[in-house]
Amino acid sequence: MKNTKGFPRFVLGAVAAAMVLVSAVILVHACTDGATTTEVSFTKAWPSCDQDLIRQLWQGWGVTDDSWNPAGISDDCNEGLPFAKVMNAIALIGGSPTVAGIFHQRGDYMLESRAVSTPYHDDVYLRFIQDHGAGVEAQSDAGDHTDLDCPIFNFPGVPTPSPGNPNAEMLAERSAVLIHEMWHHWQDAHDYDSSHMDGPQGSCTAAAGACDWFYPHAPGSSLPDGTNSDQIGSLNKTNVVNDIGLYFHSPYQIMTEFESDVAIFGSPVFMPFAIRQEAQNVGNVHLSSNFVNGAGFTIGNPVPFP
Amino acid sequence: MKYLIDRSVQLCLVGMLCLTVGCAKKDKGKLPTISFVQLPKQTPVHLEVSTVDKFVDWISTMPSSQISDVKEQISLVKSESTVVDAVAAKLSFRNLGSYGRQLIYLSILGEMKNERALRPLQDYLNSRECPVFEERTTIHPVSTAPKMSVFDACAGLKAAAINMIAYINSPAAKVVVVKTISDHASRSVRLSAMNAYLYNNGDSAEAVATARQHARPEEAKFVGLPRLAPDTDRKEFAARLARFYTEHPEERPPQPKQVARRKPEKGPHERVSATPTAGPSRGEAK
């Protein structure tokens, strides 16, 4: 009876146990869990486990869908899991600069990136999804929601046999992705075509569905209505003709302006240096790879420790 | 009696529901106030072969106000080959640690300005393990009308590598930089090489001419783009940005496309909400 039909019982038992274990791992671990030292460091700069604050962020940024169940919503200040990483990204937007001479004010980025009750767009929600294809960070193609994908959460702390495209779990990029995706909803709400263009074309080196136009404006630029672009509310203005063309934003543009503001004017006391360094680096890559027309500037000085 | 009890239970439930909705509504539309505290100033870590990881942990968690401490520590060991080798050994696309850690390893090597770092930096720059957008054909969205974010991480790390090679600024490093301006597969890396070459050669007219001479014909106009840095004169920056689009009207964007307004589409599935809770071992303020 021990070995009646081919496989010994203990092998079948082990296989069954392994399958249960694998299922449990799949249920609990939606992406590759873990947090970088920079991610953990930033959680210490704000009350990242304050449940009242987390509920405000959860509700305001629409992280309310049950798709977040396997992604850490029940362990909401575990910075190794996607849900808490979204909270950390929102907090970074909430810690972005407020000085004069930046592209846009913190209050504008906060309101724009908010999912509900915002003058920027209709109410939407954020959904967690593991994968939309290699390297896709997020996607907003169904109108009332935005999907956030594993590449902006995966912890790259373990060696990989096939590097391909490394993940983009950097906090500055994750925050910028929220800002980018919500701008699609702004476009929808204001009757603009919210699709990206296909690439590669012109100066855009990305593939299908990841190219935009760049509408240049300088930080703190004067607008014809007498305000400046770095004043509260100016992000929500558009089609104002200034001396170099349109005052308008595309999704990739708005994320690079945020990254530029964080890189250059991010807090030297509560923001880890590494976040600012990453913001400069990723911002410059987007400037040179996601626009069909040439972006006319670069962020920061190309030095080791800017 | 049973009716009264049932009504009381119903009223209680309705009351609790109203309270819940009331509490939820209170937060709607109001931007939360997030209070930030200063990150602690950390004791500088001495850089040596055995402390590379600890040194990078320090840099990845410290506030920018400690950058001068980092530079001071690196200056103490900049001529030590064993330290260069130990840091260079961490450069990897297979074992990143994290994207940010790779940026920091690169920065340390750049800051050391040690010719010995040139070879590993060049290997990293030209590695085939991490294909840039131009070398890949596999990024395809699932949707037919995507509005997605993608990031060329390989180009980002390689752009940082060429910046550090340019910062070393030795004759051999300059050769690598001008070759990268023309030959690298990634536009992001080529533009980084142009920018870094100019920066490390004082933005001189001679440097501009050299970079233009090596740039691909369609990219020569991007030599000398203005940099937006903390010390940038804002008026001058705005003028240079405007000049770029005046001199190159073909780079101006078209009018944005307006489309007929459509109501947000609901997703195909019925939404179920979930509520955040602290994990069993959490819930206390950090």
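Within the range B:198-219, identify whether any single residue is surrounded by 17 or more Cβ atoms within 10 Å (Cβ to Cβ), touching a helix residue (DSSP H, G or I) at 6+ places or on another chain (Cβ under 6 Å) and aromatic (Phe, Trp, Tyr), and answer yes or no. No; the residues of the range B:198-219 include none that is surrounded by 17 or more Cβ atoms within 10 Å (Cβ to Cβ), touching a helix residue (DSSP H, G or I) at 6+ places or on another chain (Cβ under 6 Å) and aromatic (Phe, Trp, Tyr). Within the range A:267-282, track down each residue that is buried (at least 24 other Cβ atoms within 10 Å of the Cβ), in contact (Cβ under 8 Å) with a residue 40 or more places away in the chain and of a type outside the set (D, E, K, R). Within the range A:267-282, A:Met271, A:Pro272, A:Ala274, A:Ile275, A:Ala279, A:Val282 meet the criteria. Going residue by residue through the range B:63-78, is there one that turns out to be at the interface with chain A (Cβ under 9 Å from one of its Cβ atoms), within 16 Å of B:Ala161 (Cα to Cα) and not hydrophobic (A, V, I, L, M, F, W, C)? Within the range B:63-78 (the criterion being at the interface with chain A (Cβ under 9 Å from one of its Cβ atoms), within 16 Å of B:Ala161 (Cα to Cα) and not hydrophobic (A, V, I, L, M, F, W, C)), the answer is no, since none of the residues qualifies. Of the helices (runs of 4 or more DSSP H) lying entirely inside the range B:80-135, those containing at least 3 residues that are within 12 Å of chain A (Cβ to nearest Cβ) and not hydroxyl-bearing (Ser, Thr, Tyr) span B:99-112. Residues of the range A:49-88 that are charged (D, E, K, R), within 11 Å of B:Thr277 (Cα to Cα) and in a helix (DSSP H, G or I): A:Asp52, A:Arg55, A:Asp75. None of A:Ala168, A:Ala208 is in a loop (DSSP other than H, G, I, E, B), without any contact (Cβ under 8 Å) to a residue 12 or more places away in the chain and within 18 Å of A:Val136 (Cα to Cα) except A:Ala208. Can you find a residue that is assigned to a helix (DSSP H, G or I), touching a helix residue (DSSP H, G or I) at 6+ places or on another chain (Cβ under 8 Å) and of a type in the set (A, V, I, L, M, F, W, C) anywhere in the range B:234-245? Checking the range B:234-245: at least one residue is assigned to a helix (DSSP H, G or I), touching a helix residue (DSSP H, G or I) at 6+ places or on another chain (Cβ under 8 Å) and of a type in the set (A, V, I, L, M, F, W, C). Within the range A:287-306, the residues that satisfy the criterion of being touching a Phe, Trp or Tyr at 6+ places or on another chain (Cβ under 7 Å) and either at the interface with another protein chain (Cβ under 7 Å from one of its Cβ atoms) or in a loop (DSSP other than H, G, I, E, B) (or both) are A:Ser289, A:Asn290, A:Val292, A:Asn293, A:Gly294, A:Ala295, A:Gly296, A:Asn301, A:Pro302, A:Val303, A:Pro304.
Conditions (1) of a type in the set (Gly, Ala, Ser); (2) modelled with pLDDT under 95; (3) within 24 Å of B:Glu206 (Cβ to Cβ); (4) buried (at least 20 other Cβ atoms within 10 Å of the Cβ), marked per residue:
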{"position": "B:Gly100", "(1), (2), (3), (4)": "yes, no, no, yes"}
{"position": "B:Met112", "(1), (2), (3), (4)": "no, no, no, yes"}
{"position": "B:Glu115", "(1), (2), (3), (4)": "no, no, yes, no"}
{"position": "B:Leu157", "(1), (2), (3), (4)": "no, no, no, yes"}
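Considering only residues in the range A:128-144 that are surrounded by 24 or more Cβ atoms within 10 Å (Cβ to Cβ) and in contact with a Phe, Trp or Tyr (Cβ under 8 Å, 6 or more places away or on another chain), the one that is nearest to A:Ser234 (Cα to Cα) turns out to be A:Glu137.
The values are calculated or read from the model by the stated rules, or taken from the named source; none is laboratory data. Everything numeric in this text was worked out from a predicted model, so none of it was measured. Quick reminder, even Gly has a Cβ in these numbers, built from the backbone with ideal geometry, and neighbours come from all protein chains shown.
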